[in-house]
Amino acid sequence: AAKILDGVAIAKDMKDEVKAEIEGFVAEGRRPPNLCVIQVGEDPASKAYVTNKIKACKYTGITSEKIVLPVETTEEHLLSLIKEKSDSDEVDGLLVQLPVPKHITERKVCNAVHPSKDVDGFNIINIGKFCSDQKSFVPATPAGVMEILRRSGIETFGKNAVVCGRSKNVGMPLAMLLHADGVYETKAGDATTTICHRYTPPEQLKLFTKTADILVVAVGIPGLITADMVKEGVAVIDIGINRVKDEKTGKMKLVGDVDFEGVSKVAGHITPVPGGVGPITVAMLMKNTLTAYKKEITFE
Ligand code: NAD
């Protein structure tokens, strides 16, 4: 049976490291790092994510400000608030919880966040640096997945990695981190990497997933990956978060994209949902906020 990769425990280690470093700065008389989170509207999933982020800030000693704007907020107003926070010396990290309402252009919002405070890594400057193998802010979910692999001793160098999903915030940056050359600043994984997506024919999908030493799934379809689709000993990272009805209790519950019960009999390592990638994503955001505070990445 697969070894279960405990996301809660890894996230705690990561947050404790951030916390210890911040305690050091505060002991020297510096102010702690600060994260500003802007939420537009009251989408329940967004609210839950923002709550978790603020909670992690409290745990690590990062001061935080949560700004909730009404759903009818204009794009102009949002952009001017982002500019104000981008210019503020009190703010180290700044993020707008996505998705934003339809009347607001997401790309404009992401680009309005100053690259040096862009802890989500969604500004085109950070995306461009990242894709050119330069140090940049990398979205927390893919960066967190690499952290799980590293901390669990799962080797990527020369291995076959398969990423299901090609979204700009998850699948694409993850494929970048897995395949790119590890000698450069992004410390990428040097894996031979295959990207599967919506138009990969279902019968082909299995041929690809079977080749994986590392299989990462970020699709949003419960039970997409079944035991017959994976190789013995594969490391499976399940990013999916799906709300489904529990057949036994009739209550709603969270599941990933992987048939955990079946696949864990064949895999070598597997992340559970919940308690896998989710908590690590939040911990990674704390790490990115500390990086912003330390001004470790230069934007000239
Ligand atoms: P998205 O909807 O933007 O992208 C889904 C991707 O899956 C697309 O690239 C699409 O081409 C691909 N896809 C669709 N059907 C497929 C199929 N049959 N086979 C292979 N690929 C297929 O979603 P996203 O933002 O990338 O998120 C993916 C999942 O991860 C969602 O369930 C989301 O809730 C979850 N998520 C989790 C975290 C976390 O912290 N754990 C963070 C972000 C997203």
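A few points about this structure:
- What the phi angles of region 202-208 give under the Karplus curve with 6.51, -1.76 and 1.60, with θ = phi - 60°, is a coupling list of x, 6, 6, 3, 5, 4, 6 Hz, glycine and proline written as x.
- Sequence-ordered 3J(HN,Hα) estimates for region 35-41 from the Karplus curve with 6.51, -1.76 and 1.60 and θ = phi - 60° stand at 10, 10, 10, 10, 10, 10, x Hz, glycine and proline given as x.
- For residue 49, net neighbour charge (Lys/Arg +1, Asp/Glu -1) across residues whose Cβ lies under 15 Å away: +2
- For the set 12/58; 47/117; 12/53; 19/53, the pairs lying more than 18 angstrom apart at their alpha carbons are 47/117.
- Cα-only Debye scattering, the chain: base-10 log of I(q)/I(0) at q = 0.07, 0.15, 0.16 Å⁻¹: -0.27, -1.22, -1.35
- Here 113, 244 are placed in order of increasing Cβ neighbour count within 10 Å, fewest first, which gives 244, 113.
- The slack between residue 65 and residue 6, meaning 0.36 nm per residue of separation minus the straight C-alpha distance, is 18.3 nm.
- Pairs of lysines in region 147-300 whose Cα atoms sit within less than 14 Å of one another amount to 7, provided the residues are eight or more positions apart or on different chains.
- Under 13 Å, Cβ to Cβ, from residue 184 - net charge with Lys/Arg +1 and Asp/Glu -1: -1
- Between the exposed loop cleavage positions of the chain, defined as chymotrypsin sites (Phe, Trp or Tyr not before Pro) in a non-H, G, I, E, B DSSP state with at most 15 neighbouring beta-carbon atoms within 10 angstrom, the longest gap is 1-156.
- Cut-off 13 Å between beta-carbons: net charge of the residues surrounding residue 300, Lys and Arg +1, Asp and Glu -1: +3
- Judged by the gyration tensor of its Cα atoms, with axes a ≥ b ≥ c, region 155-235 is oblate; a/c meets the 1.5 cut and b/c is at least as large as a/b.
- One way to sum up the overall shape of region 38-197 is the equivalent ellipsoid from its Cα gyration tensor, whose semi-axes run 30, 17, 16 Å, largest first.
- Scaling against 2.2 N^0.38 Å puts the C-alpha radius of gyration of region 8-65 at 1.27.
- Simple label model, 7 Å out from Cα along Cβ direction - residue 106 to residue 27, nm: 4.3
- Put simply, the amide H of residue 193, placed in the peptide plane, has neighbours under 5 Å in 161, leaving out anything fewer than 5 places away on its chain.
- Within the chain: Cβ-based charge dipole about Cα centre, in debye rounded to nearest 20 (Lys, Arg +1; Asp, Glu -1): 460
- Residue among 110, 51, 37 farthest towards the positive dipole end of the chain, charges placed on Cβ: 51
- Ranked list, fewest to most other Cβ atoms within 10 Å of each Cβ, for 252, 146, 176: 252, 176, 146
- Here the residues 38, 54, ranked from fewest to most Cβ neighbours within 10 Å of their Cβ, fall in the order 54, 38.
Every read-out reported here was derived from the displayed coordinates using simple, explicitly stated rules and does not represent laboratory data. What you see is a predicted model; the values in this text were computed from it and never measured. Cβ atoms come from the backbone with ideal geometry, glycine included; neighbour counts cover every protein chain shown.
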